[in-house]
1. If the cut-off is a Cα-Cα distance under 26 Å, which lysines reach K406, setting aside same-chain residues fewer than 8 apart in sequence?
2. Which value at 222 nm does the chain reach when only helices count, each DSSP H run of 4 or more adding -39,500 (n - 2.57), with the total divided by all residues and rounded to the nearest 500 deg cm²/dmol?
3. About the Cα centre of region 163-321, what is the dipole size in debye to 20, counting +1 per Lys and Arg Cβ and -1 per Asp and Glu Cβ, all else neutral?
4. Please compute P(r) over all alpha-carbon pairs of the chain, binned at 10 Å starting from zero, and give each bin as a whole-number percent.
5. Just want to confirm a number: the relative contact order over region 347-417, from Cα pairs under 8 angstrom separated by 6+ residues, in percent.
6. Take K405 and L61, extend 7 Å from each Cα along the Cα→Cβ direction, and tell me the distance between the two endpoints in nm.
7. Need one value: the accessible area of Y233 in square angstrom, 1.4 angstrom probe, rounded to the nearest 10.
8. Distance from the Cα centre of region 48-82 to that of region 99-150, in angstrom?
Amino acid sequence: MAISPSPASNTKPPLLSAAEALSHLLKNPEPVEGRELVPTQDALGRVLAENIVSTVDVPPLDNTSMDGYAVATQDIPQPGVTLKVDQRIPAGSVGEPLKPKTIARIFTGAPIPPGADAVVMQEDCTTQAQSDLVQINSIPSMGQWIRRRGEDLSVGKVALSAGTVLRPQHLGVAASAGYAELPVKRRVRVAAFFTGDELSLPGEPLKPGGIYNSNRDTLLGLIRSLGCIGTDYGIVPDRLEATRQALRTASEDHDLIITSGGVSVGEEDHIKPAVHSEGRLDLWQIGIKPGKPLAFGAVRKQNQTGSEAWFIGLPGNPVSSFVTFILFVRPFILKLQGRSDFTPPSFLVRADFDWSKPDRRNEFLRVKLNAVGGLDLFPNQSSGVLTSAAWGDGLIDCPAGQGFKKGDMVRYIPFSGLLY
Ligand code: AMP
Ligand code: MG
């Protein structure tokens, strides 16, 4: 795939804007095919594969939303009328038609008996000990405290639409519509490996000059929290053949391969030539900070002619790979999942600090909402300082070259809106 970068500014290589890079990325994938039927209670976070229509009316009958008395309003023209309680209707049972000049003791959720057209709550009534007479102290209006049959869902009505990401409340709606199982899209399968001779796994001794592989846990955590199957192919040394082999293995049975590190063009950066040999690749320079280099392409599957796994190579710095995942991999995965809500939720929030030396790139600052509704900045914004992202609860999307002053409104992307 060839892309046309934005016009070059001075002599530096042209930088794509985040929006341009995203629009190039999203042109590519089609939603994965395949679906399965899963128990409703196991469908959390899955993507609904087809519309589901209600099999029942919800609620199934007109019923009371209060404990009190079901009445015929015509029997109570003024406050203080005393009427006889002729029946008792708890939730889960169905009453008899209301006889003239009688009322029914009724409890929340119980069906309104035929002949009643309102409920008077028990707080508006006076009862007498050892008596079935009740004084009604207010004039009921027709329909009061009655929940109508089908006001939530009616038989045949679409209860949930295809493409919905199933959150707990959606599972509840599916259950109320009578669904014990739901048709969902198959999970997107994402393989990940991590390049770098300096990397060790936690639990192993660190090599001299080495660091622990933190990207594995951050990136696989992000992948899985989007409802994907994430497969870990481990640490891959900075060698061309090892990188090619890892690509061949990871491409099998996966829709997408994510890597970290090795996407610059130094001698130890083998992602570009390796993906080039195993498929096709574009290396992009994106005008964002952190996370300038990003590789995008596809790797041929060995076992299926003509079939490919998508490839996105993220930079190695832990904050860079975290931010580029959020900005680019997340929407790409959402597209594979058949979703269309690519833009992360964001809103304007007051910055409680000055940002007076803006970068010439579009910067994503790690910040946290404070108790007075403003945003505080993590003091160290280095792309290697992952504690900034752990401390923060979101990012400020700071346009290239634009500073701001304490008190200004800035665009805040909360991390909480990014998962599922
Ligand atoms: P690279 O993109 O390979 O040039 O790596 C950039 C920086 O990120 C280097 O300081 C690496 O040591 C660091 N880095 C690369 N991969 C990882 C990883 N998996 N976990 C933590 N740091 C990493
Ligand atoms: Mg490296």
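The values are calculated or read from the model by the stated rules, or taken from the named source; none is laboratory data. Nothing here was measured: the structure is a model prediction, and the numbers come from that model. In this analysis, Cβ positions are derived from the backbone assuming ideal geometry, glycine residues included, and neighbour counts consider all displayed protein chains. Heavy atoms of the whole protein, side chains included, go into the accessibility calculation; ligands, DNA and RNA do not. Shrake-Rupley method; radii C 1.70, N 1.55, O 1.52, S 1.80 Å.
1. Within the straight-line limit of under 26 Å, K406 reaches these lysines: K289, K357, K368.
2. Rounded to the nearest 500, the figure is -4500 deg cm²/dmol.
3. Its charge dipole is roughly 540 debye.
4. Per 10 Å bin, starting at zero, the Cα-Cα P(r) for the chain comes out as 4, 17, 20, 18, 12, 10, 9, 6, 2, 0 percent.
5. It rounds to 46 percent for region 347-417.
6. Distance between the two pseudo-spin positions: 6.8 nm.
7. Only protein atoms counted, so the area is about 80 Å².
8. Computed from Cα coordinates, the inter-centre distance equals 11 Å.
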